[in-house]
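The values are calculated or read from the model by the stated rules, or taken from the named source; none is laboratory data. Computed from a predicted structure; not experimentally measured. Please note: Cβ atoms are built from the backbone with ideal geometry, for glycine as well, and neighbour counts cover all protein chains shown. Quick note on the areas: whole protein, heavy atoms, side chains included, nothing else; ligands and nucleic acids left out. Shrake-Rupley method; radii C 1.70, N 1.55, O 1.52, S 1.80 Å.
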Amino acid sequence: MPEHQLSQGWVISAIQNLISIDGLISDGDWIESKDQDLNGSIRLVQLADIGDGDFRNKSQRFMSEEKASLLNCTFLEEGDVLIARMPDPLGRACLFPGVGQPAVTVVDVCLIRAGLNSAITNHLLKYWINSPSFRGLISENASGTTRKRITRKKLEKFEIPLPPLAEQKVIADKLDTLLAQVENTKARLERIPQILKRFRQSVLAAAVSGRLTEEWRHNNPNTQHPDLAEIREYWLEQSRATGKKYLAPEPVTPSPGHRLPDSWVMTSIGRVFNVFVGSTPSRTREDYWNGDIPWVSSSEVAFCRITSTKEAITETGFSNASTTIHPVGTVMLAMIGQGRTRGQVAVLDIPACHNQNTAALRVPKEFVISDYLYYYLTQQYEETRRIGGGNNQKALNKRVVQSMDFPLAPFEEQTEIIRRVDQLFAHADRIEQQVNNALACVNNLTQSILAKAFRGELTQQWRKDNPALISGENSAEALLERIKAERAAMKKPAKKTHKQASA
């Protein structure tokens, strides 16, 4: 910060010149894995404990008193400034609050203890280190090939704007208040996505149980009841038209406990939809891949509409694999997959075939709307995962998918359900976007407030009202001179040489 931009009574100084004789700037201790002791009484503070402005108290590492004494460790004191010399983010700083037991820290954490008579308080120093200007200095001066780090020697030479001591307390108090308000606002905003998630789940639960359209049914009492026999005839017609045999699944008794409107039918997936399982062409045959036929893997079935695929197979690959090209509107269900993949669904917006880890549910378009099935399976996600079998990796299979319950609503009511769900989801999406925009602003607000603080903008009126507290012996310049004098007084006079003594 150029000197002409400084507020009245402020000066520029390197951090090392602000520390009083009872303070210190040091790297953490060179502690290795072999030095640790699970039963030790000394807490070992690590990078994971250093938050961006807050002490996170995450690590659970310890060492013995004997080892700490042998390594001549520096014990932490409450209020010490701890700076992470490695990302992420690089240079984040917090105050050590104490952990109820003696504590030391590792070498990748820089410790600054301003001292009782220093020119700057630990409190304000922590805020300054987390400010945009200081972070910029750290970024510019960091070094390293794999992971950037900042050295202690560079840190202590960085210059900062120093307010008078009385103003430092005012700035720190204002920052405490303002940043606490920012954090409270951020916490409230961060809770909203979870609220919206529960809202969407509630909407889907109401949609596939009939509660969402209860009033609509009252106003439309003559809606045609679904006919499973007609659906079966539909699939028989399809099989005759394509020359492929339709194997109707065995009848399944729906799970008890479902309470549906009288105009709905509780049936099974297999009695309404034609279920296919795909396959993967041989990976050793280059002529099977990089063709023009979209091929869906289970990782692409992720609560979405599939408009393109990562891979495509050739006509030759298609002819030599037990997979089928499915039409637009087919609903895909992931049967096997790592993490949260199993049970996720998607709708094809392009004709595509698929692998053996996914089930393709072809939709009888005259009786069911694809989006209705998609919303139902989305709502059933946790239940679908629960019913997956398998010893090592939980998995579904064709028979299990066919046996899954399906609440079949009249076609006209499905249309109304989709309209209402889409409308409510669009409203939730708008709110979520507004929340994300607000969070982006709040995240920038912290840095903006810190920048204003160290330009003196938070205390402009205070300086006008308290001129005596920023001038003369109370000025920042006087503070620095006092520390300089204390250090000079501590220096021992040079020893006389033998030649000087005999002269």
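With respect to the stated conditions, SER298 is among the small types (Gly, Ala, Ser), on the phi < 0 side of the Ramachandran plot, within 28 Å of the chain's Cα centre (by Cα) and buried (at least 19 other Cβ atoms within 10 Å of the Cβ). For the stretch 92-136, the tally of residues that are on the phi > 0 side of the Ramachandran plot and either touching a strand residue (DSSP E or B) at 6+ places or on another chain (Cβ under 7 Å) or open to solvent by less than 30 Å² (accessible area, probe 1.4 Å) (or both) stands at 1. Among the residues of the stretch 277-292, some residue qualifies, meaning at least one is closer than 23 Å to TYR375 by Cα and either touching a strand residue (DSSP E or B) at 6+ places or on another chain (Cβ under 9 Å) or open to solvent by 50 Å² or more (accessible area, probe 1.4 Å) (or both).
Residue pairs whose Cβ atoms lie under 8 Å apart, separated by 6 or more positions or on different chains, with the first residue in the stretch 320-342 and modelled with pLDDT under 90 and the second among the hydrophobic types (A, V, I, L, M, F, W, C) and assigned to a strand (DSSP E or B), are ILE336/ALA395.
For the stretch 1-51, a residue qualifies if it is closer than 27 Å to ALA485 by Cα and among the acidic types (Asp, Glu), and the qualifying residues are GLU3, ASP22, ASP27. From the set of residues in the stretch 322-361 that are among the polar types (S, T, N, Q) and either open to solvent by less than 20 Å² (accessible area, probe 1.4 Å) or in contact with an Asp or Glu (Cβ under 7 Å, 6 or more places away or on another chain) (or both), which is farthest from ALA395 (Cα to Cα)? That would be THR330. Within the stretch 289-316, residues that are within 16 Å of VAL328 (Cβ to Cβ) reach partners that are assigned to a helix (DSSP H, G or I) and not basic (Lys, Arg) with beta carbons closer than 6 Å, at six or more positions or on different chains, in the pairs ILE293/PHE318.
Listed by position, the helices (runs of 4 or more DSSP H) enclosed by the stretch 354-461 that each have at least 3 residues that are of a type in the set (Gly, Ala, Ser) and more than 28 Å from LEU212 (Cβ to Cβ) are 411-453. For the condition of a type in the set (Gly, Ala, Ser), touching a residue at least 40 places away in the same chain (Cβ under 8 Å) and surrounded by 13 or more Cβ atoms within 10 Å (Cβ to Cβ), what is the one hit in SER59, SER41, SER20? Being of a type in the set (Gly, Ala, Ser), touching a residue at least 40 places away in the same chain (Cβ under 8 Å) and surrounded by 13 or more Cβ atoms within 10 Å (Cβ to Cβ) holds for just one of SER59, SER41, SER20, which is SER20.
One residue stands out among those in the stretch 394-449 that are touching a strand residue (DSSP E or B) at 6+ places or on another chain (Cβ under 9 Å) and of a type in the set (A, V, I, L, M, F, W, C): the one that is modelled with the lowest pLDDT, which is ALA395.
Residue count for the stretch 362-375, restricted to those that are at pLDDT 95 or above and open to solvent by 10 Å² or more (accessible area, probe 1.4 Å): 8.
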